[in-house]
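**Q** My structure is below; once you've seen it, I'll send some questions.
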Amino acid sequence: MSERVFGVTPPISTALPTEAEKRSNEALFRELKSQGTFETPAGVEKRQRILRSLEEITNEFVRRAAREKEPKNSILIRDAHGRVFTYGSYRLGVYGPGTDIDTLVVAPKYVTVDQYFAIFPGLLVEMAPPGAITDLTPVPEAFVPIIKFEYSGISIDLIFCSIQTLKQLPTEKDWTLQDNSLLRGLSENEVRSLNGTRVTDEILNLVPEPATFKLALRAIKLWAQRKAIYANIMGYPGGVAWAMLVARVCQLYPKATSALIVNKFFNIMFKWPWPLPVLLKDIEYGLSVTRMAVWNPKLYQWDRNHRMPIITPAYPSMCATHNIGKSSMAVIQQELSRGVQVTEEIMVGRRPWKDLFSKHSFFTTGFRYYLTVISSSRTKEAQNAWSGYVESRVRMLVQKLEMHPSIGLARPFNKGYDRVHMCKNDSEIEEVQIGSLKYLAKPTDEAGTEDTKAEVKPETKPEIKTEDGTSPPVKMEGVEKMENGVGVKREQDEAPVKLEDLPKHAPEVKIFTTNHYIGLQLAEGAKSLDLSREVNDFKAMCTSNEAFDKNLNFLTIQHVKNVDLPDDVFEPSEVKPSKPIKKKR
Ligand code: 3AT
Ligand code: MN
Ligand code: MN
C-alpha cells in the first residue's frame, strides 16, 4: 500500500492521534469558537449569496465587454461569460465575522482592465440590491489594480485578470487556474493577480487533510495577531506565509490532529535552520510561460538576503517573506520559543489553550522608548492615500534604525492608530501635526475615531512593571520629543494665534492622523542616541515621493517614553506604565 507523500521530504511521523490528543483538539476547537474566530452560519450563507451575485455581475460585465469589442459577433456575445475565484482567508476557509472576501474576476482575452474599471463599478451598483454597495473605491493605479467596496456590510477586494490564451472561458464547474499555460502573455501584475488564487489552491492541494490544516491555521493566525507579529507590510509574515508554514507542518505529520500540528508548528519552526527555505513542493524552474523571475538564491543576490524565506508553491514561485528584517525575525523567534513552552504544557493538560492566545505586551512592558511616525492630512481621502504610503515605508525606517550601533532591536507595531482631531486654528493644527492629542474629536464628532486599525480585544491581565532601574535614562537626539502624548513644539515655530485674534465661532477643521509605533531596545552600554540622520533621511524619502502634497499632508517622527504613551493604545484591563514615585528622603 502506498500513500501519497506530501512535501519535499517524507513525513516525520504518520502516527494516528492518541485519545489525549483528540481531547486536546476538541479543547482547541472550543477555545477558537469562544474567541469568536468563526463566522456565523448566517454570515457564511450571506457570503455565498454575495459571491453568486458577483458571478452574475461578472457574466454581464463580460457580455458588455464582448459587445463593445465585436458588436456584430452575436455568438461571441451570447456565450460570453466570466469566472469568479476567491483567494486569501476566505479561500483558505479560515475567515471570521469581520474579514473581507478576496475575489478575482477572470475574463476572456479581449476584456481589458480599462473596461473593468469603466464598466464593473456601475454594474455593481446597478445589479446588486439597492443600497447594498457602499464605500465603492476603484484603485486602478495600484500595484495590483483593485476595486474595493462593501457588499451588504462585507468588505470585498475585487481584482481582475483576462486570460490571453482563451477567447471563451470553460464552463465546467471544476475548472481551476492551476494550468501554468494560463499565464502566457500576462504582465507581471496580471500574473500576481492570478497567483493569489493559484497559491491558495495549491496550498490546499498540498496538505494531507485540509480540515486539520484549517483549524491549525486558525489557531496560528489568532496567536500571531495577538502577539502583533502578523502583517506583511510591517515586516512580519502575512496570512499566506503563516498558511504555508502550517501547511508544511501538516505535510510532516499527515495523520496528526490540529492541536498536535500547532504544537509541532512551534517546535519545528523555532528550530528551523533559516535561511533554509520552507517549501511545500519543489520549485519549478525553466518554464517559459512568463518572464517573471522565480525565487532562486543561487542566481539572485537579492534572494540570498531573505532571512526567513517561505516560498509560494504556484509557478512562478516567490518569497512571501522578503520583508522580514533583523528585528522582526528576532521577535518572531522569541514568540516561537514561548509558543514551544506554552503548547508543550497545553498538550500534557497543564495549561488551557487560552494561554497561547494571550496578548502581546508591546505597549505595557515591552519597551521604555518608542519612536512614533505620525502622518497627517487635512482630509480623510488625502490621509488614506498618504498614511498608506507612509505605512509601506515604515519598514525602511526600521531597517535604518537596525543598523544604528546604539540600537539592539527596533520593533514596529503591526498596526497603525488612526485618530481624528478638531482644530480651531493653525496653531492647533500644528500641535496636532507634531503629535498633540489635546484636540481629539469625540466619537460623536464623526466617523474616523472608531476605525483605529488596531484590534481591540480585552485580554489577560498584564504584569505591572515600571522602570526596570538597571539602565540609566538615555538621552535621545535628533528626534522630537513627546511628553504626555504632546509633541514639544520646536523653537522656530511661530507664536500661537491668540484667542482674541480669532473670529467668533471659528469653524473647526478636522485633521486626520495615523501613528505607527516602533519599540526601541538599546544596544548594551548605549548612553545616548542620535537618530537625526535616520529620521531626516526617512522624512526626506517620504516627502520627496509623489504621494506627498505639502498643502495637504504632514509627516513627523517623535520619540515617546513608555510613561508618555497615549491612553488609547491601552485596553481597559491593561496598566499603563507610570512614572516611578520618587521617595522623599
Ligand atoms: P484576512 O482574513 O483578510 O485578514 P487574508 O490572508 O485574507 O487575511 P488579505 O485580505 O489582507 O489577507 O490579503 C489577501 C491576499 O491578498 C494576501 C496577498 O496574496 C494579497 N495581498 C494583500 N495585500 C497585498 C499587498 N499590499 N500587496 C500584494 N499582495 C497583497
Ligand atoms: Mn482577506
Ligand atoms: Mn483583502
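The values are calculated or read from the model by the stated rules, or taken from the named source; none is laboratory data. The structure displayed is predicted, hence computed values, not measured ones. With ideal geometry, Cβ positions are generated from the backbone for all residues, glycine too; neighbour counts draw on all protein chains shown.
**Q** Within the range 390-422, can you find the residues that are among the aliphatic types (A, V, I, L, M) and closer than 18 Å to ALA228 by Cα?
**A** VAL394, VAL398, LEU409, ALA410, listed by residue number.
**Q** Can you find, within the range 288-330, the residue that is farthest from the chain's Cα centre (by Cα) among those that are under 16 Å from SER187 (Cα atoms) and surrounded by fewer than 18 Cβ atoms within 10 Å (Cβ to Cβ)?
**A** SER288
**Q** Looking at the range 7-25, which of its residues are farther than 12 Å from LYS255 by Cα, surrounded by 12 or more Cβ atoms within 10 Å (Cβ to Cβ) and not aliphatic (A, V, I, L, M)?
**A** Matches in the range 7-25: GLY7, ARG23, SER24, ASN25.
**Q** Evaluate the following for THR37: is it within 16 Å of ligand 1 (Cβ to nearest atom) and either buried (at least 19 other Cβ atoms within 10 Å of the Cβ) or within 29 Å of VAL348 (Cβ to Cβ) (or both)?
**A** Yes.
**Q** How many residues does the range 78-107 contain that are under 15 Å from GLU55 (Cβ atoms) and more than 10 Å from ligand 2 (Cβ to nearest atom)?
**A** Looking only at that region, the number is 10.
**Q** Can you pull out the residues in the range 85-100 that are assigned to a loop (DSSP other than H, G, I, E, B) and either of a type in the set (Ser, Thr, Tyr) or in contact with a Leu (Cβ under 6 Å, 6 or more places away or on another chain) (or both)?
**A** VAL94, TYR95, THR99
**Q** If a residue must be assigned to a loop (DSSP other than H, G, I, E, B), modelled with pLDDT of 95 or more and crowded, with 23+ Cβ neighbours inside 10 Å, how many such residues does the range 393-443 contain?
**A** Number of matching residues: 3.
**Q** If a residue must be within 16 Å of ligand 2 (Cβ to nearest atom) and touching a Gly at 6+ places or on another chain (Cβ under 7 Å), how many such residues does the range 35-77 contain?
**A** 3
**Q** Next question. From the list THR137, THR197, THR165, which one is modelled with pLDDT under 95, outside the structural domain of GLY238 (by TED's automatic domain parsing) and of a type in the set (Ser, Thr, Tyr)?
**A** The unique qualifying residue is THR137.
**Q** Let me ask you something else. Scan the range 140-177 residue by residue and report those that are within 13 Å of ligand 3 (Cβ to nearest atom) and surrounded by 15 or more Cβ atoms within 10 Å (Cβ to Cβ).
**A** Across the range 140-177, the qualifying residues are VAL144, ILE146, ILE147, LYS148, PHE149, GLU150, ILE154, SER155, ILE156, ASP157, LEU158, ILE159.
**Q** Are any residues in the range 331-349 among the β-branched types (Val, Ile, Thr) and surrounded by 14 or more Cβ atoms within 10 Å (Cβ to Cβ), and if so, which ones?
**A** Scanning the range 331-349 gives VAL331, ILE332, VAL340, VAL342, THR343, ILE346.
**Q** If you don't mind, another one. Among strands (runs of 3 or more DSSP E) lying entirely in the range 504-585, which contain 2 or more residues that are at pLDDT 95 or above?
**A** Strands (runs of 3 or more DSSP E) meeting the threshold: 509-522, 553-561.
**Q** Is it the case that the range 144-164 has a residue that's touching a residue at least 60 places away in the same chain (Cβ under 8 Å) and not in a strand (DSSP E or B)?
**A** Checked the range 144-164: at least one residue is touching a residue at least 60 places away in the same chain (Cβ under 8 Å) and not in a strand (DSSP E or B).
**Q** For the range 15-48, which residues satisfy the criterion of being within 30 Å of PRO121 (Cα to Cα) and free of Cβ contacts under 8 Å to residues at least 40 places away in the same chain?
**A** Hits for the range 15-48 are PRO41, ALA42, VAL44, GLU45, GLN48.
**Q** Exactly one of (1) touching a Pro at 6+ places or on another chain (Cβ under 8 Å); (2) in a helix (DSSP H, G or I) is unmet by PRO208. Its number?
**A** If we test PRO208 against (1) touching a Pro at 6+ places or on another chain (Cβ under 8 Å); (2) in a helix (DSSP H, G or I), just (2) comes out false.
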